[in-house]
Amino acid sequence: MRLSPQEEANRQLFLKALQKDPIQCSRPGCGGAVLAQDLSTVLDRVKTFELRCERCNEADQITGQEASEQTWDDTAILDIAYEHLMHQPAVCPHDGMTVVFTSLPNPRRKARYRLSCYYCGRQAEMDWPPQEFRR
């Protein structure tokens, strides 16, 4: 899947906002710092960010692109878990965005996580570590 230059630029802005990386205003002659505010609710599968320049006050919104297929297959989940286990940033195999691990309450004292890609909306739940990585 080839992205247009504008779609790729929006995807890179989304990634910077998600990872709380510094963003610089793209308006000619400005170059001010851009504040990214998360407008999403806890229940949203895809995040929306408002980007506002501190210098010129230019505002814009960026949102992920929800995928029609809402799940990862088992191989993709194991790849994501392996990256996390190796202390590397886990990324969604479909769009390259960072996958967020959220700890879930578990009364049996076993680690359980929700894996979320806030760009495409895919989510999965898994025990940690996965059965395949246990000795």
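The values are calculated or read from the model by the stated rules, or taken from the named source; none is laboratory data. For clarity, every value in this text was computed on a predicted model and none was experimentally measured. Here the Cβ positions follow ideal geometry from the backbone for every residue, glycine too, while neighbour counts run over all protein chains shown. These accessible areas exclude ligands, DNA and RNA; they are computed on the full protein's heavy atoms, side chains included. Shrake-Rupley method; radii C 1.70, N 1.55, O 1.52, S 1.80 Å.
Observations, loosely collected:
- Screening Y118 on (1) surrounded by fewer than 12 Cβ atoms within 10 Å (Cβ to Cβ); (2) at pLDDT 85 or above shows it passes everything except condition (1).
- Flag not set for L43, criterion: in contact with a helix residue (DSSP H, G or I) (Cβ under 7 Å, 6 or more places away or on another chain) and either charged (D, E, K, R) or modelled with pLDDT under 95 (or both).
- Here Q123 fits the description: on the phi < 0 side of the Ramachandran plot and crowded, with 17+ Cβ neighbours inside 10 Å.
- Exclusive hit being assigned to a helix (DSSP H, G or I) and under 29 Å from Q131 (Cβ atoms), set H94, H84: H84
- Scan of the stretch 1-35 for residues that are part of a loop (DSSP other than H, G, I, E, B) and either touching a Lys or Arg at 6+ places or on another chain (Cβ under 6 Å) or surrounded by 14 or more Cβ atoms within 10 Å (Cβ to Cβ) (or both), ordered by number: C25, S26, C30, G32
- Hey, T71 modelled with pLDDT of 90 or more and among the hydroxyl-bearing types (S, T, Y) or not: no
- Tallying residues that are open to solvent by 90 Å² or more (accessible area, probe 1.4 Å) and not in a loop (DSSP other than H, G, I, E, B) within the stretch 36-59 yields 1.
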